[in-house]
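Contents: one structure, followed by commentary.
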Amino acid sequence: MRWSKSYLPTYKEVPKDAEIPSHQLMLRAGMIRSLTSGVYSFLPLGYRVLHKIETIVREEMNRIGSQEVQMPVLHPGELYEETGRLKNFGELLFQLKDRRGRLFALGPTHEEVVTDIARAELKSYRQLPQTLYQILVKFRDEFRPRFGVMRAREFMMKDAYSFHASQESLQETYDSMAGAYHRILERFGLEAVQVEAESGAIGGDINHEFIVLANAGESVIFRCPSCGYAANDERAVSLGASTLEKESSGKMETVATPGQHTVEEVSGFFKVSPQRLVKTLLYKSGEKNIAALVPGDRELNEIKFAKAIGDPDARPMTPEEVTALTQAPVGFAGPVGLDGVHIVADELLNDYDGMIVGANQADAHTRGVKMGRDFTAAQVARISMVVEGDRCTNCDTGRLKLSRGVEIGHIFKLDVKYSKAMGATFLDKDGQEKAFIMGCYGFGVSRAVAATIEQHYDEKGIRWPKALSPFHVIVTPLNLSDAGTVSTMESIYTDLGVAGFDVLLDDRDLRPGPKFKDAELIGVPVRVTLGERNLKDGRCELYYRLEDRTDVVAITDVVAKVREYYAL
Ligand code: ATP
Ligand code: MG
């Protein structure tokens with residue numbers, strides 16, 4: 001490709017509305033342009049990377065026997081009524097009506113559609129297992145689209161679905177899918193971790209996320225360096241803090257704590273660490289009042305809490321409801337004497353003797369409170385979030401470490417959730433009619449472009465890993481008014497192209513400085529620099545961006561050197 005004739009707009013300024021490096025760099029390198037919030041065009045440079053990602057994903061899917069299909073983007077609303085996801089997806093689902101007023105959705109994922117396909121044809125265990133996949137645009141009206149293509153409202157996903165007669169067969173496909181994801185990420189040149197996760201709106205219980213480690217990522221994961229346990233923050237469990245400051249309960253005592261509201265203020269007032277405080281969070285589940293008790297240094301894990309009480313629709317009480325129930329302003333709720341409230345205590349509180357809690361009066365806290373003696377928990381369950389340094393539940397020796405990253409893939413064992421709801425059945429060996437056992441496997445194709453950059457950039461720009469660079473080589477002639485430079489540049493450009501490389505020829509009539517800056521910004525791993533002085537000796541410079549190394553080589557060796565670099 002000749003730069004002078006290409007749609008490759010680059011710019012120096014950091015775009016104001018782009019918060020993270022990948023978004024800034026994708027805009028500056030002219031890879032993407034925004035049409036409206038969360039909706040992007042991929043320009044030629046960006047599209048090349050997207051295409052390389054798709055190719056690798058496709059190769060690895062085909063290799064494990066997954067078959068490529070293309071399902072519709074436009075989905076009839078009734079399908080979502082069958083599975084109850086019209087309600088579950090809620091506002092995330094883009095909805096529209098046809099001219100007769102019939103409801104449609106723009107596909108956010110394809111469990112319903114693929115199950116509809118399968119129920120029509122797959123009738124016998126002999127036809128199983130089957131795995132179908134597609135690489136297709138998805139629509140989700142995200143609450144907060146941001147970070148460019150990282151969290152968009154229209155994005156590309158690879159989604160695969162599998163149908164099985166047995167759990168063993170599902171496990172086999174699940175494992176080979178995880179293997180394919182590891183190979184894909186390795187081929188991309190990304191450092192990623194497979195973690196246990198929560199399933200969200202997709203459902204099912206066993207599921208894993210693939211997290212590309214990066215500081216700007218929205219995902220938080222915990223890993224145990226001793227045993228390898230890894231889970232995202234929603235899923236993670238632990239045995240609690242490595243050291244627990246103990247206070248004996250002694251006698252319960254209510255203390256005036258004027259003006260002390262936050263955990264920090266109250267723990268400062270009592271001169272104890274925040275973990276000794278216990279937070280009382282009040283919720284409504286239908287008409288029922290529920291109190292969640294968690295250690296002062298931890299957040300409530302709302303997913304685990306919802307599971308514990310069996311109500312995904314439970315909501316925090318309004319300040320008015322809190323005051324009506326506790327007779328105190330917000331911030332002073334406590335479990336002692338709280339009548340008509342279902343108390344769910346975090347499992348970690350089993351190890352507490354004396355707790356400091358709100359006194360259900362303005363400006364007062366109660367200390368020396370003991371669970372079982374001073375109040376009764378109707379339920380004890382692990383409902384608090386893990387924090388860094390916690391003891392690992394899996395091995396009991398390691399201390400959990402926190403990392404951030406980007407969720408690039410998510411695989412789920414769906415079991416019979418969709419097949420049962422949609423009456424998708426087959427005849428098993430024993431002549432019984434059974435619902436398909438299913439799995440589904442998502443991979444963020446357009447998000448992968450941004451995730452790769454998050455792991456591979458420096459102050460000059462993108463540093464594409466070899467497999468994903470939009471071009472293998474950029475050829476940069478320094479003086480276009482020199483006839484020798486022009487003829488050499490043409491022959492190198494042709495020779496590299498013939499050798500099978502993607503070559504960008506920077507034939508713009510610009511000074512060397514801006515050309516080098518642009519080459520570094522768009523991040524091509526190899527630059528061939530043609531300067532008059534070297535050319536006189538039949539030589540040129542090869543600059544390797546990832547290694548930050550320059551070699552002077554004979555013009556006649558350029559193709560061989562590039563081949564060697566890419567090990568082709
Ligand atoms: P997230 O938690 O980031 O919202 P999700 O769990 O809702 O994602 P899945 O339903 O698991 O996403 O989708 C599979 C994959 O699709 C994700 O792992 C991610 O790589 C990609 N993906 C999901 N939502 C978006 C989005 N809004 N923009 C870009 N990629 C996305
Ligand atoms: Mg997910």
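Every number here is computed from the coordinates shown, using simple stated rules; none is lab data. Only a predicted model underlies this, so the values are computations on that prediction, with no experimental measurement involved. Don't worry about glycine lacking a Cβ; one is built from the backbone with ideal geometry, like all the others, and counts go over all protein chains shown.
Which of the residues spanning the range 275-288 are without any contact (Cβ under 8 Å) to a residue 60 or more places away in the chain and crowded, with 18+ Cβ neighbours inside 10 Å?
Here is the first cut: in the range 275-288, the ones without any contact (Cβ under 8 Å) to a residue 60 or more places away in the chain are 275, 279, 281-288.
Gln275, Lys279, Leu281, Leu282, Tyr283, listed by residue number.
Output the residue which, of all residues in the range 359-387 that are in a strand (DSSP E or B) and in contact with a Leu (Cβ under 9 Å, 6 or more places away or on another chain), is nearest to Phe222 (Cα to Cα).
Only one residue tops the list, namely Ser384.
Somewhere in the range 529-537, is a residue touching a strand residue (DSSP E or B) at 6+ places or on another chain (Cβ under 9 Å), part of a helix (DSSP H, G or I) and buried (at least 17 other Cβ atoms within 10 Å of the Cβ)?
yes
Among what's in the range 1-39 and is among the aliphatic types (A, V, I, L, M) and assigned to a strand (DSSP E or B), pick the residue that is surrounded by the fewest Cβ atoms within 10 Å (Cβ to Cβ).
For the range 1-39, the residue satisfying everything is Leu35.
Among the helices (runs of 4 or more DSSP H) confined wholly to the range 40-109, which include 3 or more residues that are more than 24 Å from Asp141 (Cβ to Cβ)?
Details: elements: 44-63, 77-83, 85-89.
The helices (runs of 4 or more DSSP H) meeting that bar are 44-63.
Taking Glu78, is it of a type in the set (D, E, K, R) and within 16 Å of ligand 2 (Cβ to nearest atom)?
Values: of a type in the set (D, E, K, R): yes; within 16 Å of ligand 2 (Cβ to nearest atom): no.
Criteria not met by Glu78.
Kindly check whether there is at least one residue in the range 297-310 that is closer than 23 Å to Glu253 by Cβ and surrounded by 15 or more Cβ atoms within 10 Å (Cβ to Cβ).
Yes, because at least one residue in the range 297-310 is closer than 23 Å to Glu253 by Cβ and surrounded by 15 or more Cβ atoms within 10 Å (Cβ to Cβ).
Among the residues of the range 172-194, is there at least one that is surrounded by fewer than 18 Cβ atoms within 10 Å (Cβ to Cβ) and either closer than 28 Å to Gly84 by Cβ or within 9 Å of ligand 1 (Cβ to nearest atom) (or both)?
No, every residue in the range 172-194 fails to be surrounded by fewer than 18 Cβ atoms within 10 Å (Cβ to Cβ) and either closer than 28 Å to Gly84 by Cβ or within 9 Å of ligand 1 (Cβ to nearest atom) (or both).
Determine which member of the set Glu198, Glu247 is on the phi < 0 side of the Ramachandran plot, within 16 Å of ligand 2 (Cβ to nearest atom), surrounded by 15 or more Cβ atoms within 10 Å (Cβ to Cβ) and of a type in the set (Asp, Glu).
Glu198
Could you please find all residues in the range 295-325 being under 22 Å from Gln275 (Cα atoms) and in a helix (DSSP H, G or I)?
The answer is Glu302, Ile303, Lys304, Phe305.
Consider only pairs whose beta carbons are under 7 Å apart and that are at least six residues apart or on different chains; among these, list those whose first residue lies in the range 181-200 and is farther than 17 Å from Asp159 by Cβ and without any contact (Cβ under 8 Å) to a residue 60 or more places away in the chain and whose second residue is of a type in the set (D, E, K, R) and within 16 Å of ligand 2 (Cβ to nearest atom).
Val195/Glu209; Glu196/Arg235
Of all the residues that make up the range 508-520, how many are surrounded by fewer than 19 Cβ atoms within 10 Å (Cβ to Cβ) and in contact (Cβ under 8 Å) with a residue 60 or more places away in the chain?
3
In the range 514-568, which residue that is acidic (Asp, Glu) and more than 32 Å from the chain's Cα centre (by Cα) is farthest from Leu480 (Cα to Cα)?
Glu564
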